[in-house]
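S.K.: Handing you this structure, nothing more for now.
The values are calculated or read from the model by the stated rules, or taken from the named source; none is laboratory data. Just so it is clear, the model here is predicted, and its values are computed rather than measured. Please note: Cβ atoms are built from the backbone with ideal geometry, for glycine as well, and neighbour counts cover all protein chains shown.
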Amino acid sequence: MAVRRVGIVGCGQLAQMMAQEGRPLGVAFSFLAEGDENTGCVDGLGTVVHAREGADVETLYRAMGSPEVITAEREQVSVELLRALEQFCPVYPRPDAFEKTQHRLREKTAITAAGLPVAPFLPANSYDEICAAVAKLGYPAFIKSCENGYDGKNQWRVDSDEALAAIRDEVIAQGEQEYVVEKGIHFSREVSLIGVRSADGEVLTYPLAENDHYKGTLLVSKAPAPDVDDKLQQAAQDYLATLLNEWDYVGVLAMECFVSDDGLLINELAPRVHNSGHWTLAGAKTSQFENHIRAILGMPLGDTDAERPAVMINMLGVDKKPTLPNEGVWLYGKSLRPGRKMGHVILVDDTQEALSTRIEAMLEELYGETKRPA
């Protein structure tokens, strides 16, 4: 079987898992590190090339082994670099998808342009404009920087004039920034949907997952999300299919949503494999990582069915394998620090009830009596 070659921009755990899942398909990988990016996660998985400022793009492409397709493991990647690489091979998802999703205002505008619902929002470029937006939208409100905001970073929730005043100095210290101010909505839970689209337009989705966060970082994803009816699953699938098809998207796209009194509202998108889809490594017939590689290489997509309930628990600031029974532990090989995503563990069981008991026990083993990271 001829070896196929894929280049990945980025060298973190998502690149690691794409390579681990893609190699059994006969795919060889290379990785492009931007700036001073740490490359430890992909050691031994393929050639690593460093993109220094001013580097010749063709030289970088050749150093990566002239891959037949290039993808990325994160949305915060140089769109200019991706577009330059398109001279030599396809880049999937296309750079336009990264341009939309790496900036909150562009992302929300793109979602609403597709006729899909989000929470009410307004743009703001200064503390005074944030105050004006909050006055229009009301409390509670969420203030989020348009760029470089993830895992709770560069985000604030305000419930009163006093809380808004309390963040004034912090916002001003950020300097010139673009923000989105969102109206706080009542929602019962957050769910996410992972979908994949091939270049010929085939779309497959996984079951909805329910997500629990701790201090803005994903801690637990359960799939299928408990007590989800066909109507909610279908609505999410329709939303995601709309975006995949309108954007002529190729690869995995993740969509995070709120389940609100007004129905399903889209919160965020990620043009890549996603933390809330890690459960597919042991809980679905084909993982999100394998399907991403299949999609970008034009291979038939794999079955996304999940026969039994599964859960993914993030190991935040923890790098020791748990001793309790599990269906797999993935350690990323990162240096330990508090709150950092060091790995994850997957549990699969016959019922949601049995799984819930095991989740609580696993959280206690990982984090102690509080069942929460330090």
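S.K.: Which condition number in (1) assigned to a loop (DSSP other than H, G, I, E, B); (2) surrounded by 24 or more Cβ atoms within 10 Å (Cβ to Cβ); (3) of a type in the set (Asp, Glu) is the one that GLU290 fails?
M.R.: Among (1) assigned to a loop (DSSP other than H, G, I, E, B); (2) surrounded by 24 or more Cβ atoms within 10 Å (Cβ to Cβ); (3) of a type in the set (Asp, Glu), the lone unmet condition for GLU290 is (1).
S.K.: Can you tell which of GLU256, GLU246 is at pLDDT 95 or above, under 18 Å from the mean Cα position of the chain (by Cα), under 27 Å from LYS144 (Cα atoms) and among the acidic types (Asp, Glu)?
M.R.: GLU256
S.K.: Applying the selection to region 189-207, what residues are within 15 Å of the chain's Cα centre (by Cα), surrounded by 24 or more Cβ atoms within 10 Å (Cβ to Cβ) and over 12 Å from ALA254 (Cβ atoms)?
M.R.: Within region 189-207, none qualify.
S.K.: I would also like to ask the following. If ARG62 meets every condition in (1) in a helix (DSSP H, G or I); (2) buried (at least 16 other Cβ atoms within 10 Å of the Cβ); (3) of a type in the set (Lys, Arg) apart from one, which number is that one?
M.R.: Failing condition for ARG62: (2).
S.K.: A further question follows. Output the residues belonging to region 14-48 that are modelled with pLDDT of 95 or more, part of a strand (DSSP E or B) and under 24 Å from the mean Cα position of the chain (by Cα).
M.R.: Correct list: VAL27, ALA28, PHE29, SER30, PHE31, LEU32, ALA33, GLY46, VAL48.
S.K.: I'd like to verify a number: residues in region 189-226 that are free of Cβ contacts under 8 Å to residues at least 60 places away in the same chain, farther than 17 Å from ASN245 by Cα and outside any strand (DSSP E or B), how many?
M.R.: 2
S.K.: Does any residue of region 340-351 turn out to be more than 25 Å from the chain's Cα centre (by Cα) and either farther than 19 Å from ASP227 by Cα or surrounded by fewer than 17 Cβ atoms within 10 Å (Cβ to Cβ) (or both)?
M.R.: There is at least one residue in region 340-351 that is more than 25 Å from the chain's Cα centre (by Cα) and either farther than 19 Å from ASP227 by Cα or surrounded by fewer than 17 Cβ atoms within 10 Å (Cβ to Cβ) (or both).
Listed here are the residues, each with its yes/no results for (1) free of Cβ contacts under 8 Å to residues at least 24 places away in the same chain; (2) among the polar types (S, T, N, Q); (3) crowded, with 24+ Cβ neighbours inside 10 Å; (4) part of a strand (DSSP E or B).
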site: VAL259; (1), (2), (3), (4): no, no, no, yes
site: LEU264; (1), (2), (3), (4): no, no, no, yes
site: ARG272; (1), (2), (3), (4): no, no, yes, no
site: ALA282; (1), (2), (3), (4): no, no, no, no
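S.K.: If the Cβ limit is 6 Å and pairs must be 6+ apart or interchain, which residue in region 30-57 that is under 17 Å from VAL69 (Cβ atoms) and touching a residue at least 12 places away in the same chain (Cβ under 8 Å) pairs with which residue that is among the β-branched types (Val, Ile, Thr) and not in a strand (DSSP E or B)?
M.R.: Listed by first residue and then by second, the contacts come to PHE31/VAL42.
S.K.: Please go through (1) over 21 Å from the mean Cα position of the chain (by Cα); (2) of a type in the set (Gly, Ala, Ser); (3) over 24 Å from VAL196 (Cβ atoms) for ALA119 and return the number of the only condition it doesn't satisfy.
M.R.: (1)
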